[in-house]
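The structure under discussion appears below in the form of structure tokens.
The values are calculated or read from the model by the stated rules, or taken from the named source; none is laboratory data. What you are looking at is a predicted structure, and each value in this text was computed from that prediction instead of being measured. Heads up, the Cβs are rebuilt from the backbone with ideal geometry, glycines too, and the neighbour counts pull from every protein chain shown. Calculation scope for accessible area: heavy atoms of the full protein, side chains included, ligands and nucleic acids excluded. Shrake-Rupley method; radii C 1.70, N 1.55, O 1.52, S 1.80 Å.
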Amino acid sequence: MGLDICHCILVEQTDELLDFHLIEEFKHNPSFLDNHREKIVSYDGNYRIYYKNIGYIRKQAENFASDFENDILYFKKDDVIRFKKYLKANLPSEQSDLENYFQINFINNFTEGKSIFFIAY
């Protein structure tokens, strides 16, 4: 079982390998999808929208599952700020660095209407 914590923005499809969300994943915020409709691509009978990571953390959080659902997209900066309290570095001496990274790459550059936050576990 893995844990991926991501801050991403939607991008146009390119020749490079990109991650994507299926448009069904935007069911909780269809207006966000409407604002980025030009980036939707049809592929093998599905509609997808590509993204690139702005911030990424692997396996360094705990006790968040009651507040954050698996594979649900979050669009509000307040949700990102709220997640910060669940960060848990591998070593206590690394906690400050982890929190600083999160502040810079998740909170400071999160733009509502453009950014997406999600946790996959």
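Looking only at segment 89-107, which residues are open to solvent by 30 Å² or more (accessible area, probe 1.4 Å), part of a helix (DSSP H, G or I) and either touching a Ser or Thr at 6+ places or on another chain (Cβ under 8 Å) or not charged (D, E, K, R) (or both)?
Filtering segment 89-107 down to residues open to solvent by 30 Å² or more (accessible area, probe 1.4 Å) leaves 90-97, 99-101, 103-105.
Within this subset, residues satisfying the condition of being part of a helix (DSSP H, G or I) are 92-97, 99-101, 103-105.
If the condition is that a residue be open to solvent by 30 Å² or more (accessible area, probe 1.4 Å), part of a helix (DSSP H, G or I) and either touching a Ser or Thr at 6+ places or on another chain (Cβ under 8 Å) or not charged (D, E, K, R) (or both), then Pro92, Ser93, Gln95, Ser96, Asn100, Tyr101, Gln103, Ile104, Asn105 are the ones that fit.
Checked against (1) assigned to a strand (DSSP E or B); (2) farther than 12 Å from Phe117 by Cα; (3) open to solvent by less than 20 Å² (accessible area, probe 1.4 Å), Leu33 meets all criteria but (1). Scanning segment 43-70 for residues that are more than 14 Å from the chain's Cα centre (by Cα), touching a residue at least 24 places away in the same chain (Cβ under 8 Å) and not in a loop (DSSP other than H, G, I, E, B) returns Asn46, Tyr47, Arg48, Ala61. Working carefully through the options Arg58, Arg48, find the one that is of a type in the set (D, E, K, R) and surrounded by 14 or more Cβ atoms within 10 Å (Cβ to Cβ). That would be Arg48, the only listed residue that is of a type in the set (D, E, K, R) and surrounded by 14 or more Cβ atoms within 10 Å (Cβ to Cβ). Look at segment 1-17: where a residue is free of Cβ contacts under 8 Å to residues at least 40 places away in the same chain and a partner is surrounded by 15 or more Cβ atoms within 10 Å (Cβ to Cβ), sitting 6+ places away or on another chain with Cβ atoms under 7 Å, you get Glu12/Lys39; Gln13/Tyr50.
The number of residues in segment 14-30 being within 24 Å of Asn105 (Cβ to Cβ) and open to solvent by 90 Å² or more (accessible area, probe 1.4 Å) comes to 3.
The single residue among Leu3, Leu91, Leu33, Leu87 that is out of contact with any strand residue (DSSP E or B) (no Cβ under 8 Å at 6 or more places or on another chain) and among the hydrophobic types (A, V, I, L, M, F, W, C) turns out to be Leu91. Within segment 72-88, can one find any residue that is touching a Ser or Thr at 6+ places or on another chain (Cβ under 8 Å), in a loop (DSSP other than H, G, I, E, B) and surrounded by 15 or more Cβ atoms within 10 Å (Cβ to Cβ)? Among the residues of segment 72-88, at least one is touching a Ser or Thr at 6+ places or on another chain (Cβ under 8 Å), in a loop (DSSP other than H, G, I, E, B) and surrounded by 15 or more Cβ atoms within 10 Å (Cβ to Cβ), which makes the answer yes.
Would you call Phe110 modelled with pLDDT of 95 or more, assigned to a loop (DSSP other than H, G, I, E, B) and buried (at least 16 other Cβ atoms within 10 Å of the Cβ)? Walk me through it before giving the result.
On the way: modelled with pLDDT of 95 or more: yes; assigned to a loop (DSSP other than H, G, I, E, B): yes; buried (at least 16 other Cβ atoms within 10 Å of the Cβ): yes.
It is true that Phe110 is modelled with pLDDT of 95 or more, assigned to a loop (DSSP other than H, G, I, E, B) and buried (at least 16 other Cβ atoms within 10 Å of the Cβ).
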